[in-house]
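Enquirer: Let me begin by handing over the structure; questions about it come next.
The values are calculated or read from the model by the stated rules, or taken from the named source; none is laboratory data. If you're wondering where the values come from, they're calculated on a predicted model, not measured in any experiment. Positions of Cβ are backbone-derived with ideal geometry, glycine not excepted, and every protein chain shown enters the neighbour counts. Remember, those area values only see protein heavy atoms, side chains included, never the ligands or the DNA or RNA. Shrake-Rupley method; radii C 1.70, N 1.55, O 1.52, S 1.80 Å.
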Amino acid sequence: MGHFRLLVVGNGISAYGSYLNMVALNVFIYHVTGSALTAGLFMAVRLVTSVLAGFVAGRLVSTRDRKRLMAGADLTQAIALLALLLAPDGARVGLLFALAVITGSCSTLSQVALRTSVPEIVGAEHRARANGLLVTGRSLAMIAGFASSGLVVAQLGYATAFALDAVTFVISAGVLFMLPVRTRAAAEDASEGAAGAEQEEAGAAGGFARMLLRTAPLLAVMIAVRAVDGLGSSSHNVALPIYSDGLDPAHPATFISQFWATWAIGNIVAQQLFGRVTKKTGRTPGERAFALGACLMSAAFIVVFAGLPTVPTLIAALVAGMADGFTEIVYVSRLQAAPDAERGRLFGLSASAENTGFGLGMIVSAALLEAFSPLQVVAAFHGLAIALCVVLLAVLLARGRTPTRSQDRPGDRDDRAARDVSTAEGRSS
């Protein structure tokens, strides 16, 4: 785990730059163009690119060197940012949209490659703990990035913010290149994965999704839940500034800062508790725990917008952060239980589903907030996620037990791969 902790640090540094840049770029494009429509188009291009990149990333990480893919994605984003810095003013608008395509595709590729690689880097039995470390690293990066973005842009300017982001990507790529980690299965498994990817090429993403629904319906439902969670996440992201302004029009940023800081603390607490419990019990929570955690998370987000006093609202935000972190670790660990040959396609499909839900939710929730209150919109979107989780729980309860890994993952006909994963997962639920 020593090498993986260094990887988490590198990933957290690049995530800090990304969160810093998320604020700086959105403000910068409005500053340059003076058009809210152009700023919205920039965000739309990035989201659409992220959705499409998920399908391509799944195939790439199944057949290519994942460490090089991650490092290449980081360096590509660094070069794009430097090009924006050096470009003349007249060319910057076009470069901004090129940057939206590059950051959307590269961030998705890097995320899919990293999640797919975790079991090979740390071993299948340690993957839940490793995922928890990644969640903690990104939560800390989010706090630092959002907290410092205003200061960096106001005091040092956009150019410094973009240069700082480029440096974080270079550091992340350097850490990846230096670490002696294996990101793929053993040679014989990798050759099987490449062969399987070639066979699936004709079916592309749609064929893989249909195969998943046929052979692993519970896994398909979990991915659907994450897509609907994306709808819920978009609703509270869009509604939060409106709700915060209603609470204190003179200081609308106060509640937003309190909310995200508390949510991030909850994420970190969840990782710590999750790691200790799994280490003590030797068990990794499964589908049932995922569904319960997702229900709790959505319910807590609804409570945040219920107009309660500050203390119970922040407690709800803390619970939402804890449940969010818990379900993230359980979900990613569950997908990582699949054989290496299918893992890349699973995470690629998952990334596209989550980004589709989030992007669609941003558009629909923004429109609904013109006519409905933040509580009504957030309750509707997160209520849909709760309903889907209840369906998943009902199916699991009807079966009387949480399904085993070998029963509901794609690739069950590959007996040797099944035995490998079953050995690593012998103590998991």
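Enquirer: Please list, ordered by first then second residue, the pairs with beta carbon atoms under 9 Å, 6 or more apart or interchain, first in the stretch 151-177 and without any contact (Cβ under 8 Å) to a residue 60 or more places away in the chain, second assigned to a helix (DSSP H, G or I) and open to solvent by less than 40 Å² (accessible area, probe 1.4 Å).
Expert: From the stretch 151-177, the pairs are Thr160/Val152; Thr160/Val153.
Enquirer: Turning to a different aspect of this structure: Pairs needed: first member in the stretch 94-107, under 15 Å from Phe28 (Cα atoms) and in contact (Cβ under 8 Å) with a residue 60 or more places away in the chain; second member anywhere, of a type in the set (Asp, Glu) and outside any helix (DSSP H, G or I); C-beta distance under 7 Å; at least 6 residues apart or different chains.
Expert: Hits for this filter: zero, empty list.
Enquirer: Now for a separate question. Got a number for residues in the stretch 19-29 being touching a Gly at 6+ places or on another chain (Cβ under 7 Å) and of a type outside the set (A, V, I, L, M, F, W, C)?
Expert: Within the stretch 19-29, residues that are touching a Gly at 6+ places or on another chain (Cβ under 7 Å) and of a type outside the set (A, V, I, L, M, F, W, C) number 1.
Enquirer: Report the residue count in the stretch 43-86 for those that are open to solvent by 50 Å² or more (accessible area, probe 1.4 Å) and among the basic types (Lys, Arg).
Expert: 4
Enquirer: While we're on this one: Please go through the stretch 232-263 and give me each residue that is open to solvent by 20 Å² or more (accessible area, probe 1.4 Å) and either among the polar types (S, T, N, Q) or under 23 Å from Leu134 (Cα atoms) (or both), ordered by number.
Expert: Result: Ser233, Asn237, Thr254, Ser257, Gln258, Trp260, Ala261, Thr262, Trp263.
Enquirer: A follow-up question, please. Which residues, counting only those in the stretch 176-216, are at pLDDT 80 or above and either small (Gly, Ala, Ser) or open to solvent by 30 Å² or more (accessible area, probe 1.4 Å) (or both)?
Expert: Those that are at pLDDT 80 or above and either small (Gly, Ala, Ser) or open to solvent by 30 Å² or more (accessible area, probe 1.4 Å) (or both): Phe177, Met178, Pro180, Arg182.
Enquirer: Looking at (1) in contact with a Lys or Arg (Cβ under 6 Å, 6 or more places away or on another chain); (2) farther than 15 Å from Arg226 by Cβ; (3) of a type in the set (A, V, I, L, M); (4) part of a helix (DSSP H, G or I), which one does Met362 not meet, given that it meets all the others?
Expert: So Met362 meets the others, but not (1).
Enquirer: Please tell me if Arg129 is touching a residue at least 24 places away in the same chain (Cβ under 8 Å), open to solvent by less than 40 Å² (accessible area, probe 1.4 Å), of a type outside the set (Val, Ile, Thr) and over 27 Å from Leu37 (Cα atoms).
Expert: Spelling it out, it is not the case that Arg129 is touching a residue at least 24 places away in the same chain (Cβ under 8 Å), open to solvent by less than 40 Å² (accessible area, probe 1.4 Å), of a type outside the set (Val, Ile, Thr) and over 27 Å from Leu37 (Cα atoms).
Enquirer: OK, next. Is it the case that the stretch 264-273 has a residue that's over 15 Å from the mean Cα position of the chain (by Cα), under 20 Å from Gln111 (Cβ atoms) and open to solvent by less than 20 Å² (accessible area, probe 1.4 Å)?
Expert: yes
Enquirer: How about the stretch 317-353: which of its residues are closer than 21 Å to Val377 by Cβ and buried (at least 23 other Cβ atoms within 10 Å of the Cβ)?
Expert: Ala317, Ala320, Gly321, Ala323, Asp324
Enquirer: Quick one: which residue in Gly34, Gly40 is open to solvent by 30 Å² or more (accessible area, probe 1.4 Å) and at positive phi?
Expert: Answer to the check: Gly34.
Enquirer: Would you confirm whether any residue within the stretch 308-325 is modelled with pLDDT of 90 or more and in a loop (DSSP other than H, G, I, E, B)?
Expert: Within the stretch 308-325, one or more residues are modelled with pLDDT of 90 or more and in a loop (DSSP other than H, G, I, E, B).
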